[in-house]
Amino acid sequence: MSTRKPSYTNPKPCKHLSAYKLKHGLSGYKSLQKCLKTTPNGRTSVKNPGTEIPRCSSCNGYQGRLYICLICSSISCSSHALLHTQSEIGHYLAVDIERAELYCCACSDQVYDPDFDKTVMSKHMVDLPYSTNSADSIGERLCERKRLGSGVELVDLKKAEKSALTRDQRAKSCYPLGLRGLNNLGNTCFMNSVLQALLHAPPLRNYFLSDRHNPKTCRKRTANRLCLPCELHGIFSAVYLGDRTPYSPAQFLYSWWQHSENLASYEQQDAHEFFISVLDGIHEKESKARNQIRDTGDCQCIAHRVFSGLLRSDVTCMTCGFTSTTYDPCLDISLNLDTSHCSWSDASNKPVKPNDNSSSSTLLGCLDLFTKPEKLGSDQKLYCQNCEELRDSSKQMSIRKLPLVLCLHIKRFEHSLVRKMMRKIDSYLHFPFSLDMTPYLSSSIVRNRFGNRIFAFEGDESDISTEFEIFAVVTHAGTLESGHYVTYLRIKNQWYKCDNAWINEVDEGIVRASQCYMMFYVHKMLYYKSHEDLSRLPISTRIEAFHRVAGCC
């Protein structure tokens with residue numbers, strides 16, 4: 001018998017869930033079903049009949065995540081869920097009141113049980129509207145309840161989906177090719193939001209759809225370890241085949257877990273951290289496979305060819321004026337908001353009033369702040385090569401080289417040294433759809449510093465385009481503890497909202513009013529060129545291009 005290990009392993013089933021079902025069966029699920037509340041857009045929550053506003057039985061709080069015990073119906077907040085389990089032996093399982101998702105208080109993690117999903121979906125079918133003018137696809141709402149398996153097969157809802165879809169007359173055939181929802185696999189909106197942006201980055205899309213990374217000939221995929229670029233290739237193939245039903249990127253999630261083992265859990269992660277981690281994973285596989293390093297030191301892997309830029313840092317001695325220049329590669333640019341006019345909320349979800357009535361910033365203002373000269377503090381004195389001693393100095397950042405796809409990350413989460421806690425800046429950011437980066441280039445910054453007396457700049461490339469068009473915005477709504485990521489895509493000047501499995505057309509006003517967290521701009525020429533018929537792309541038709549996980553696709 002072959003001892004070859006499978007290409008991936010399912011997460012181990014929760015032992016507390018097994019013990020609960022062995023003792024109580026499905027009685028707790030059936031009792032909870034009476035308290036489930038569904039909405040027309042497919043959301044499910046738990047309505048507590050005893051009180052209008054659910055509160056934690058320990059602290060009487062009502063903000064943040066609340067969980068209702070499946071045995072005694074006691075409500076606990078995230079801080080006291082473990083305490084309830086310790087005081088009440090065997091009361092391990094609870095349900096998230098806001099999302100109607102199963103939660104193990106002992107493991108402090110979301111767990112999956114197909115029987116629980118079947119209970120929730122039965123409630124959906126009972127409350128299902130039969131109007132033919134439904135605003136969202138019922139099939140998409142049903143697929144949203146599918147979760148990543150925990151060693152057992154998922155509930156087969158194909159028959160229910162098929163019957164529901166016959167009542168839904170709102171077809172999505174008019175949507176552009178490549179618009180496909182991604183199922184939530186358990187707090188994976190951070191992953192889905194970034195994937196939607198990557199799927200619609202023109203250079204990255206062209207690379208994977210033209211088989212530049214071929215999973216069939218890839219040598220990085222082994223019996224017990226997946227290849228991240230191979231799984232990303234599979235998502236591109238699945239999304240651009242024209243199928244409109246939501247897709248489950250389960251195997252990609254497994255592959256990312258293997259690459260970033262410290263982040264392997266069902267907990268919510270930071271979208272920006274996930275973005276950098278994915279590009280790092282692509283670079284690790286691609287650069288080693290093809291040894292793609294130029295004599296200049298520039299990596300030629302697809303991640304760096306698309307997203308890599310170069311930042312210039314000028315440190316000037318305030319005594320003699322000597323300037324030291326260094327260059328650092330970057331995959332994105334992190335920008336600070338002007339926090340003096342911003343509203344923010346702390347870790348306890350309590351909003352804190354700003355110092356001024358204004359609570360908005362502009363992207364151009366953030367870029368100005370990024371390239372503005374900054375006087376370093378007295379505790380940051382640097383060694384001056386000319387003075388040959390530590391001196392007060394100033395530092396100025398600029399952009400030496402622009403990437404094909406420019407990712408701008410807005411720093412909304414920061415640690416307050418005064419309050420000694422994490423906080424989120426809730427300010428809105430005004431950003432243009434068309435962006436000219438000329439004022440922020442090193443050539444422009446240095447010329448302005450010397451009164452435009454420098455007419456020639458080392459390495460100045462006037463033929464390089466500095467005009468960009470926005471094509472994706474990743475937003476974050478909510479608080480630090482219970483936030484949610486959504487992506488807005490701009491295709492042929494029409495905006496689409498990608499909220500996990502759901503995709504809807506939206507007006508640009510909705511996008512402008514969102515709390516943007518990451519913005520993706522592409523060269524103007526590439527943006528309009530990408531609007532050409534996608535059927536011209538040599539899309540792979542091999543079945544092996546992507547693998548469906550049983551019960552997930």
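The values are calculated or read from the model by the stated rules, or taken from the named source; none is laboratory data. Quick caveat: nothing in here was measured; it's all calculated off a predicted structure. Don't worry about glycine lacking a Cβ; one is built from the backbone with ideal geometry, like all the others, and counts go over all protein chains shown. Ligands, DNA and RNA are stripped out before the accessible areas are found, and what is left, the full protein with its side chains, is counted by its heavy atoms. Shrake-Rupley method; radii C 1.70, N 1.55, O 1.52, S 1.80 Å.
Assorted remarks:
- Listed residue pairs exceeding 20 Å between alpha carbons, taken from 401/424; 30/123; 372/395; 34/123; 375/424; 285/411: 401/424; 375/424; 285/411
- Spacing of the two label points (7 Å from each Cα toward its C-beta) at residue 323 and residue 244, in nm: 5.6
- Length gained when the stretch residue 214-residue 374 is fully extended (0.36 nm per residue, less Cα-Cα span): 52.9 nm
- Accessible surface of segment 189-284, 1.4 Å probe: 44 percent of it comes from carbon and sulfur atoms.
- Here the peptides 270-277, 323-330 are ranked by packing, the mean other Cβ count within 10 Å, and the order with the highest first is 270-277, 323-330.
- Taking amide H as placed 1.01 Å from N in the peptide plane, residue 362 has its amide H under 5 Å from the amide H of 430, each at least 5 places away in sequence or on another chain.
- Amide H contacts for residue 515 (H built 1.01 Å from N in the peptide plane; partners 5 or more residues away or on another chain; cut-off under 5 Å): 476.
- Residue-wise HN-Hα couplings along segment 62-71, as the Karplus relation 6.51 cos²θ - 1.76 cosθ + 1.60 with θ = phi - 60° gives them from phi, are 10, 9, x, 6, 10, 10, 10, 5, 6, 9 Hz; Gly and Pro carry x.
- Under 5 Å between amide hydrogens, built in the peptide plane, is the criterion, and for residue 376 it picks out 393, 394, 395 among residues at least 5 positions away or on other chains.
- Geometric extent, Cα atoms of segment 189-284 - Rg, Dmax (angstrom): 12.9, 35
- Heavy-atom surface of segment 189-284, accessible at 1.4 Å and reported per residue (Å²): 31
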